[in-house]
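Okay, so here's the structure we're looking at.
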Amino acid sequence: MKRTIQVILFGLWALAASVSCSGNRPAAAPSAVGVWADRDCELLRTERFALLFESNGDTTTSLLQRMDATDTVLLGKTVFTPDSVLMQYVHRPGEARQYADPGAVQPDGRLRIVVEGRERMLEKIESFAVSAPYEMLKASPLEIGSCIQQWSLGTRCRCENGSISFEAGTNRHSYTFNIEPGFVYCRAARLRFNERGGLFAQNIRMMANAREHTAYMAPDNRAESAEPLKIDDSKFSPDQCVFDEDGIYWSFIRFEGDTAVIHGCGELYRFARPAIDDPDQTEWIAFEKY
């Protein structure tokens, strides 16, 4: 009799374990990693950073947060009007931390974020994965576009002496957040490469220096940022960049070792292959051919 009871109890335990390990266990929370947007807002979320752009009336805001396992800190923020910079802030070590909402994924798959009291519901327009460091492609004339696309992936961030420089590249988008004394440049763009070079299409640009003041976001930012770029090879010029309604065409010139040299606007741009132990690479993003 005792043996029979033990068998029954074991069977009930096994059944309960089977149920709890299958369909009835709580689903994993959806990842916020990706590019999110609505008509007047765009958010890049990686595992360690949140970069936001928002347009509200005649103000355009950009802010960058670093997210640790248990905390977040606002690294930098700037607010533009059409003719002035209302605010530029860079976090300094030792000072009180400021915070902003990095956003949270909702049950319907959208991301809810609150900006200065305004609630926004963003849709994901690009998915990607943050990965462990890996060996990237070596320079090859047979894979020019793939090399430059892959070498542009990941995040880099440097904060020092009241300045901040942040760059991020996904498989379809490119981001910059730079603030230093007398200079602010924050932008979001789509970027695509092939064997002839690259097509660069900015949908958000915030620039303030001695020569320029620009505060621009595409009229329907989500629609523009989500639209895949289509490269027209006939628009490349071998010795200069070309401004076109598609964006700006940069022509590939050559490889110098594991660095690609292309014709930028007014200067040569260089895209270097990151080494697997590159100390300046903060995060690595898995490559997916565009």
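The values are calculated or read from the model by the stated rules, or taken from the named source; none is laboratory data. The shown structure was predicted, so the numbers you read here are calculated from the model rather than taken from an experiment. Cβ coordinates were reconstructed from backbone atoms using ideal geometry, including for glycine residues, and neighbour counts include every protein chain displayed.
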Quiz item: With segment 223-290 as the region, which strands (runs of 3 or more DSSP E) entirely inside it contain at least 3 residues that are surrounded by 15 or more Cβ atoms within 10 Å (Cβ to Cβ), without any contact (Cβ under 8 Å) to a residue 12 or more places away in the chain and charged (D, E, K, R)?
Solution: none
Exercise. Look at residue 216 and say whether it is assigned to a strand (DSSP E or B), more than 14 Å from the chain's Cα centre (by Cα), at pLDDT 95 or above and not acidic (Asp, Glu).
Key: yes
Practice problem: Only strands (runs of 3 or more DSSP E) wholly contained in segment 66-157 count here; list those with 3 or more residues that are surrounded by fewer than 17 Cβ atoms within 10 Å (Cβ to Cβ), polar (S, T, N, Q) and touching a residue at least 24 places away in the same chain (Cβ under 8 Å). | Solution: none
Exercise. Considering each of 194, 178 in turn, give the residue that is more than 24 Å from residue 39 (Cβ to Cβ), surrounded by 14 or more Cβ atoms within 10 Å (Cβ to Cβ) and touching a Gly at 6+ places or on another chain (Cβ under 6 Å).
Key: 194
Quiz item: If you scan segment 186-222, which residues turn out to be farther than 15 Å from residue 169 by Cβ, in contact (Cβ under 8 Å) with a residue 40 or more places away in the chain and touching a helix residue (DSSP H, G or I) at 6+ places or on another chain (Cβ under 6 Å)?
Solution: 194, 195, 196, 203
Quiz item: Which residues, counting only those in segment 54-65, are over 16 Å from residue 159 (Cβ atoms) and either touching a residue at least 12 places away in the same chain (Cβ under 8 Å) or part of a strand (DSSP E or B) (or both)?
Solution: 54, 55, 56, 58, 59, 60, 61
